[in-house]
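The values are calculated or read from the model by the stated rules, or taken from the named source; none is laboratory data. All values derive from a computational prediction rather than experimental measurement. Cβ: placed from backbone, ideal geometry, glycine included. Neighbour counts: every protein chain shown.
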């Protein structure tokens, strides 16, 4: 029954995507006729390094945001399962606030509500670049989701584990550290990678707020190349292709992990 | 409505400096209402498009023809692994530039406006998730059930429509709820192509009145209430459709 499963198509989907790109660029070239201006594809080749340079910033933002989100998300997740109400209730509130709000709204909130410069205790002022603020904005929704994933993973550990740890005179912290967390990490790995992929796909949103990442650079490049309408399709397709080439292996690997864990446990 | 609350919010602004302008200024009030209306319409249209695509895609995945299955698989992979914002811009600017224009008697208007492109682009993006969700639902339908239908003389198409789909829909409701909620949030992306939904109209209000924190609070509240309503409605639907003998 599952012979038509998507996971088997490791090379066909990228090949088809590449085929679509070529077809669309060919169509764009055919549209243009024999003019003296450089063709859309030639223009794209000229601006490729500029767009790829922007993509590096996307990667930096995604890795940094993921690091922030993982650390804060795990802390928030542990706060959510704390036996004390004073710790648990605010953690739940924060988690729900950031899980249920759109990325764009959180991004706007961070962009407008964090000052563009801060005064250090020493008296110097430090400018906060836009991309750092965007990184924080991307980290918050992922943080809330990682917190929820951790809570779910802890809940999925049989309560016998807690009891046997207790009978061995482990404290709560020790139980979490040596018994629960090591098992949770295994279960959290696939969703964690899914969220990294999703986070990376959301980073071009920073362009709305003027960060010079891949999307911003693509739009700037099209503007600089004369804002010709026939540039739009090849440039945006190229941008989608870069992201696809980076994300697709991650999502394939995630799916393989998911399957291995599903059969393993 | 506005007359009732306006004095309170005006006094709030005078005494504390909290400027909730949509609650006392009639122009901002109309912008807020319009934004909420467009946002709800947009979400409803996107969800409808994505559900239709999901059903068609899940049906096509069970097709006997290999090329059809490849196309569905390629569609899923392409739309799930590229940034939705770039998809939206690609549809609106890239494809919008080559769609025919309609003569409106003197001026030309594109056949599909920004609202239409937002529905198409985000609907297709959400559909790529729905195909997988429906597929897992279809796989959860016991083969004995479809075999029984086959022995009663149902054709393949009829089995899918009358037997598999109603059961699969029930099996995948929890996953579907998640995706609908995430689509409702993704709909705010339509901001980038200037669809006048809530994020866009509130951003207009905060650039006119410089009351970003207050409007942010409003925006967060709006989305939390919206998500709560969707989750509640889906939970009700789930309970209404529950089959005896499945679940608790």
Checklist entry - Which number in (1) surrounded by fewer than 16 Cβ atoms within 10 Å (Cβ to Cβ); (2) at pLDDT 90 or above marks the one condition that residue A:64 misses? => result (1)
Item to check | Subset of segment B:58-106 (residues that are under 27 Å from residue A:236 (Cβ atoms) and away from chain A (no Cβ under 11 Å)) | outcome: B:99, B:100, B:101, B:102
Next on the checklist: Consider segment A:133-143. How many of its residues are surrounded by fewer than 24 Cβ atoms within 10 Å (Cβ to Cβ) and more than 10 Å from residue A:106 (Cα to Cα)?
Outcome noted: 1
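Matching residues to (1) modelled with pLDDT of 90 or more; (2) within 13 Å of another protein chain (Cβ to nearest Cβ); (3) in contact with a strand residue (DSSP E or B) (Cβ under 9 Å, 6 or more places away or on another chain):
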{"position": "A:185", "(1), (2), (3)": "no, no, no"}
{"position": "A:191", "(1), (2), (3)": "yes, yes, no"}
{"position": "A:206", "(1), (2), (3)": "yes, yes, no"}
{"position": "A:216", "(1), (2), (3)": "yes, yes, no"}
{"position": "A:219", "(1), (2), (3)": "yes, yes, no"}
{"position": "A:227", "(1), (2), (3)": "no, yes, no"}
{"position": "A:238", "(1), (2), (3)": "yes, yes, no"}
Next on the checklist: Looking only at segment A:65-96, how many residues end up being within 12 Å of residue A:144 (Cβ to Cβ) and either within 14 Å of another protein chain (Cβ to nearest Cβ) or not in a helix (DSSP H, G or I) (or both)?
Outcome noted: 5
Checklist entry - If we keep just the residues of segment A:104-132 that are away from chain B (no Cβ under 14 Å) and in a helix (DSSP H, G or I), which is surrounded by the most Cβ atoms within 10 Å (Cβ to Cβ)? => result A:131
Next on the checklist: So the check is Cβ under 9 Å with 6+ separation or different chains; which pairs have a first residue in segment B:143-155 that's within 13 Å of chain A (Cβ to nearest Cβ) and a second one that's surrounded by 10 or more Cβ atoms within 10 Å (Cβ to Cβ) and not in a helix (DSSP H, G or I)?
Outcome noted: B:146/B:154
Item to check | Unique match (being surrounded by 15 or more Cβ atoms within 10 Å (Cβ to Cβ), within 14 Å of another protein chain (Cβ to nearest Cβ), under 23 Å from residue A:255 (Cβ atoms) and free of Cβ contacts under 8 Å to residues at least 12 places away in the same chain) among B:139, B:132 | outcome: B:139
Checklist entry - If you go through segment B:116-123 one residue at a time, do you hit one that is out of contact with any helix residue (DSSP H, G or I) (no Cβ under 6 Å at 6 or more places or on another chain), free of Cβ contacts under 8 Å to residues at least 60 places away in the same chain and away from chain A (no Cβ under 14 Å)? => result yes
Next on the checklist: From the list B:236, B:226, exactly one residue is under 23 Å from the mean Cα position of the chain (by Cα), within 11 Å of chain A (Cβ to nearest Cβ) and either without any contact (Cβ under 8 Å) to a residue 40 or more places away in the chain or more than 30 Å from residue B:141 (Cβ to Cβ) (or both). Which is it?
Outcome noted: B:226
Next on the checklist: Return the residues of segment B:31-81 that are modelled with pLDDT of 90 or more and not in a helix (DSSP H, G or I); say none if nothing qualifies.
Outcome noted: B:81
Item to check | Wholly enclosed helices (runs of 4 or more DSSP H) of segment B:87-189 bearing at least 3 residues over 16 Å from residue B:47 (Cβ atoms) and within 21 Å of the chain's Cα centre (by Cα) | outcome: B:114-140, B:165-171
Checklist entry - Where in segment A:145-259 are the helices (runs of 4 or more DSSP H), entirely inside, with at least 3 residues that are within 17 Å of the chain's Cα centre (by Cα) and surrounded by fewer than 21 Cβ atoms within 10 Å (Cβ to Cβ)? => result A:181-202
